Amino acid sequence: MFKQLLALAGVAAAASLPRNGDMAAFARDAPQSKILMSNGSNLLLADFDGAKFNIVLQKNVPIAATWLVYARPDRLYAVDENNQTSTLFGIDVAGNKIEQKTTTQASSGVVHLALSKTGDRMVGAGYGAGSIDVYDTSAGGLKFLKSINSTGGQQQQQKKAHPHQAVLDPTGRFFIVNDLGMNELLLLDSTNDSFDIINRVPVEPAGCGPRHGAFFPFGAAQPTHYIVLCETKNLVNFYSLQYVGGKGIDFRREQSLSTFSGDVPAKAAAGELVVAPDNRNVYISNRLSGATDSIANFRVVEQSANASSSSACTHAAATTRLELVGLTSTGGTLPRMFSFANDGQTLLVGNQGGDLAVVALKRNQDGTLAEKPVASIASSAFPGGKGPAYIQQIA
């Protein structure tokens with residue numbers, strides 16, 4: 001079943017990717033792509049041709065825009081991590097222009113935004129306020145609709161709720177909100193604009209700190225798994241999913257794996273998680289781990305039902321597993337966010353500190369990352385020497 005689903009999910013993406021032997025020619029012939037970045041107080045656009053970056057716009061903004069959402073063709077939504085607003089910008093990608101349009105109320109410390117499938121609603125994770133925001137984004141606008149208490153008034157062991165990310169499920173009905181403080185996955189049902197929390201999934205082990213996650217397989221109409229990265233304990237939790245009635249989705253934890261191959265550095269705090277478009281690899285960023293930080297590469301493998309497993313949690317019927325392959329330096333520190341370029345073969349990594357603010361890392365045929373970046377931007381090219389908290393190809 002997994003093989004069939006994986007083939008369906010990956011065929012479209014795989015058909016458009018160059019073979020590894022053609023990668024050098026592909027880089028030479030690739031058209032200019034547009035990369036959107038933000039280091040909080042500055043929004044930047046850069047041209048990228050596969051071999052070098054060229055920053056073409058740097059716009060100072062009066063907010064802490066640590067997360068952005070681009071809505072084609074001309075809208076850009078931004079959080080203000082340090083205040084109680086969210087902002088809509090107009091963006092002219094070809095003309096390299098960004099202009100502020102409107103600002104609306106938000107919960108304190110929103111750190112992530114996610115658009116609905118139709119694009120007329122948006123969900124924000126209010127890390128600072130311990131709440132989840134819902135916005136009206138219809139007709140190209142931005143209007144605050146309501147805020148949802150992440151705790152739901154329930155007695156909890158943790159001190160404070162900290163929603164960190166909202167992830168839209170591929171059916172378009174649900175949002176998963178990873179609450180780092182309450183140690184829960186919250187399932188929001190958007191049916192009839194209700195956005196009710198219909199399921200709360202405790203994340204184990206206790207104090208794990210779920211931060212960012214992704215559905216698997218990438219591109220599947222109905223996913224079989226959810227993968228979440230835990231910041232506090234530097235773990236990856238792998239859940240099998242079953243779409244059901246009242247709870248919406250049932251989650252069963254199949255694995256918990258460390259983001260390091262050896263001892264975990266004392267101050268380490270894992271950051272981002274991305275599933276490769278070919279559904280054969282998962283990548284995670286390690287922060288506060290040494291002189292430079294790293295991207296951890298996990299491989300997706302199929303395992304027979306009777307095979308033994310060294311993971312912390314096993315399930316006899318589970319055949320899809322993750323295994324850690326290795327770590328690759330990011331050339332800098334604090335890689336809060338990274339993403340895939342549209343070619344599906346290049347990771348765009350933003351380092352908030354260190355010598356290199358941005359690196360483009362190519363994937364080898366086996367999914368491992370090449371040690372030497374194909375392109376980079378020095379931290380000195382960014383205002384204040386602070387690299388991007390957000391980086392994404394938008395054209």
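The values are calculated or read from the model by the stated rules, or taken from the named source; none is laboratory data. These numbers come from a predicted model, not from an experiment. Here the Cβ positions follow ideal geometry from the backbone for every residue, glycine too, while neighbour counts run over all protein chains shown. Surface accessibility is based on the protein's heavy atoms, side chains included, excluding ligands, DNA and RNA. Shrake-Rupley method; radii C 1.70, N 1.55, O 1.52, S 1.80 Å.
Residues checked against (1) farther than 16 Å from ILE391 by Cβ; (2) more than 20 Å from the chain's Cα centre (by Cα); (3) among the aliphatic types (A, V, I, L, M):
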residue	(1), (2), (3)
SER33	no, yes, no
ASN39	no, no, no
ASP49	yes, yes, no
TRP67	no, no, no
Quick check: is even one residue across segment 71-92 open to solvent by 30 Å² or more (accessible area, probe 1.4 Å) and among the hydrophobic types (A, V, I, L, M, F, W, C)?
no
Of all residues in segment 308-331, count the ones that are outside any strand (DSSP E or B), at pLDDT 95 or above and more than 19 Å from the chain's Cα centre (by Cα).
1
What pairs come out if I take residues in segment 212-230 that are more than 12 Å from VAL167 (Cα to Cα) and pair them with residues that are among the polar types (S, T, N, Q) and in a strand (DSSP E or B) whose C-beta lies under 6 Å away, six or more apart or interchain?
HIS225/SER240
Tally the residues that are part of a strand (DSSP E or B) and among the charged types (D, E, K, R), restricting the search to segment 65-81.
1
Is one or more of the residues making up segment 253-262 open to solvent by 10 Å² or more (accessible area, probe 1.4 Å) and more than 16 Å from LEU322 (Cβ to Cβ)?
yes
Pairs where the first residue, in segment 259-283, is at positive phi and the second is modelled with pLDDT of 95 or more, C-beta under 8 Å, 6+ apart
ASN279/PHE216; ASN279/PRO217; ASN279/PHE218; ASN279/GLY219; ASN279/VAL300
In segment 30-64, anything in a strand (DSSP E or B) and of a type in the set (Lys, Arg) is listed as LYS34, LYS59
Say whether the condition of being crowded, with 22+ Cβ neighbours inside 10 Å, small (Gly, Ala, Ser) and in a strand (DSSP E or B) is met by at least one residue in segment 166-174.
yes
Consider segment 93-113. How many of its residues are crowded, with 19+ Cβ neighbours inside 10 Å and either closer than 20 Å to LEU188 by Cα or free of Cβ contacts under 8 Å to residues at least 40 places away in the same chain (or both)?
7
Which condition number in (1) surrounded by 17 or more Cβ atoms within 10 Å (Cβ to Cβ); (2) without any contact (Cβ under 8 Å) to a residue 24 or more places away in the chain is the one that ASN183 fails?
(2)
Checked pairs for segment 63-74, first free of Cβ contacts under 8 Å to residues at least 60 places away in the same chain, second open to solvent by 20 Å² or more (accessible area, probe 1.4 Å) and among the hydrophobic types (A, V, I, L, M, F, W, C), C-beta under 6 Å and 6 or more apart or across chains, list as VAL69/LEU115
Of the residues in segment 232-277 that are over 21 Å from MET337 (Cβ atoms) and among the acidic types (Asp, Glu), the one that is farthest from the chain's Cα centre (by Cα) is ASP263
Hey, can you tell me all the residues within segment 242-253 that are aliphatic (A, V, I, L, M) and over 15 Å from LEU186 (Cβ atoms)?
VAL244
